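Just below is one structure, and these are the notes that go with it.
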Amino acid sequence: MPEPDVPELIGSQTSAVGCTTPRPAADPPAPPVSVSVVICAYTEARWSDLCAAVGSVLTQRPAALELLLVIDHCAPLLERACATFTGVKVLANSDRQGLSGARNVGLRAASGDVVAFLDDDARAEPGWLAALVGGYRDDAVQGVGGTVTPHWVTGRPRWFPAEFDWVVGCSHSGMPSEPGPVRNFVGANMSLRRSTLLELGGFSGELGRVGADVAGCEETELCIRAGSIRPGASLRYLPGARVTHTVPADRATVRYFLRRCVGEGRSKATVARLAGATQGLSSERSYLTATVPAGVLAGLRGPLHGQFDGPLRALAITVGVLATVYGFARARLAQLAGAAQLAGARRGGRGGRS
């Protein structure tokens, strides 16, 4: 099968496995803030999506300083990527397997003032990079993120509520519609200053997906640390920095919806342990007290306005909340049990030495 055409990145780049691209004669002016874009990939099953993601970055104007593609422990994909992509630094994940490890490898190899992260199944819209760069005019801004819009391959299910688009890695209806400060970004479309990322030590190895696992929240925990790295530090959300995220048929099912909600709850318990419940659950509290009730009420009122699928969405919101709370409670109880066991072992050790 012939490989799809992928545009070349403006500028000379060398991959970790030997791919090179000469610099074109004409190069547009460099942006005031240089950006390294990192894409992480782990499977050949998303090859066409990956090609679209790479191409969407290479055609951004102004251009990125570099595009780093990190292959997460998949030798056939690593070989294929090197043979196909020019103007891209192709790296193998030499860190712990999983999204957090792969992103940290990309971070350590990056040289831009800002490191932007794009998912391998997402496509950056024209002007995405320019919009992100524009958010760094204020030195207090440590990170900038934008909107992630779902592209449902088989169409959005009638029961799937917009309040739960985070299940498929996209912006949900409870997020701001205007530019402003936020606690954290959606992982498919975020950027942070490289100096901040290095100072923080990158993403936590306790969080993040491994392969097709449904866990997450590595970006949430990192953003919490970035937003409090120093007095006055902030993260800025710019809805105009847009990417489109592919949602395949297997993620448009009730089974995936429930698995992802439970996995999110489990991950939130880890975030709360690492960052503290006050910061770790602040956005979740407003989501549960404002976004969720409004969504349920709108769904129940739907038939009055000819939206007869509304009650299905209200039911999905309720079930999704319960599944997420279940995942959180189960993980939290496991944490408490582990802490009690460790405390008992320490007491026993001290008693044995007395």
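The values are calculated or read from the model by the stated rules, or taken from the named source; none is laboratory data. Note that the coordinates shown come from a computational prediction; the quantities given were computed from them, not determined experimentally. Methodologically, a virtual Cβ is constructed for each residue, glycine included, from the backbone with ideal geometry; neighbour enumeration extends over all protein chains shown. When the accessible area is computed, the model is the full protein with side chains, heavy atoms only, and any ligands, DNA or RNA have been set aside. Shrake-Rupley method; radii C 1.70, N 1.55, O 1.52, S 1.80 Å.
Could you identify which residue out of ALA116, ALA92, ALA277 has the top mean-square fluctuation in a GNM of the chain using Cα springs shorter than 10 Å?
Fluctuation is largest for ALA277.
Return the sequence-ordered ³J(HN,Hα) values of region 66-75 in whole Hz as given by the Karplus equation 6.51 cos²θ - 1.76 cosθ + 1.60 applied to θ = phi - 60°, using x for Gly and Pro.
With the stated coefficients, region 66-75 comes to 6, 10, 10, 10, 9, 9, 8, 6, 9, 4 Hz.
Can you tell me what share of the DSSP beta bridges in the chain is antiparallel? A percent to the nearest 5 is fine.
35 percent
Could you give the radius of gyration (one decimal) and Dmax (whole number) of the Cα atoms in the chain, in Å?
21.3, 77
Measure off 7 Å from each Cα along the Cα-to-Cβ vector at LEU297 and SER234, then give the distance between these two points in nanometres to one decimal.
For the pair LEU297/SER234, the computed spacing is 2.9 nm.
Using Cα springs under 10 Å in a Gaussian network model of the chain, which residue among GLY169, GLY143, GLY180 shows the largest mean-square fluctuation?
GLY180
Considering only the other residues whose Cβ falls under 15 Å of the Cβ of PRO303, what net charge follows from Lys and Arg at +1 and Asp and Glu at -1? Numbers along the way, then the final one.
Details: positive: ARG158, ARG301, ARG313; negative: ASP309.
Result for the local shell: +2.
Based on DSSP, what percent of beta bridges with both residues in region 109-266 are antiparallel, to the nearest 5?
Roughly 55 percent of the beta bridges in region 109-266 run antiparallel, per DSSP.
Please identify, among ALA83, ALA226, ALA252, the residue showing maximal mean-square fluctuation in a Gaussian network model of the chain using a 10 angstrom Cα cutoff.
With Cα springs under 10 Å in the chain, the top fluctuation among ALA83, ALA226, ALA252 is at ALA83.
In whole angstrom, how far apart do the alpha carbon centroids of region 210-261 and region 52-87 sit?
21 Å
Give the carbon-plus-sulfur fraction of the accessible surface of the chain in %, rounded to a whole number; probe 1.4 Å, heavy atoms of protein chains only.
Values: 9140 of 16000 Å².
C and S fraction of accessible area: 57 percent.
How large is the accessible surface per residue of region 152-204, computed with a 1.4 Å probe and reported in Å² as a whole number?
So region 152-204 comes to 39 Å² accessible per residue, rounded to a whole number.
Compute the signed sum of charges (Lys and Arg +1, Asp and Glu -1) over the other residues within less than 15 Å, Cβ to Cβ, of THR244.
Details: positive: ARG46, ARG123, ARG156, ARG242, ARG251; negative: ASP49, ASP119, ASP120, ASP121, GLU125, ASP165.
My count for the surroundings of THR244 gives -1.
What distance in nm lies between label points placed 7 Å from Cα along the C-beta direction at THR149 and VAL210?
Between THR149 and VAL210, the simple spin-label model gives 3.6 nm.
Please compute, for the alpha-carbon atoms of region 50-129, the extent along each of the three principal axes and give them in descending order in Å.
Answer, in whole Å and largest first: 33, 26, 19 Å.
Would you calculate a helix-derived [θ] at 222 nm for the chain, using -39,500 (n - 2.57) for each DSSP H run of n ≥ 4 and dividing by the full residue count, to the nearest 500?
Using -39500 (n - 2.57) per qualifying helix, the result is -12500 deg cm²/dmol.
Quick one: check the C-alpha center-to-center distance for region 99-119 versus region 142-172, whole angstrom.
23 Å
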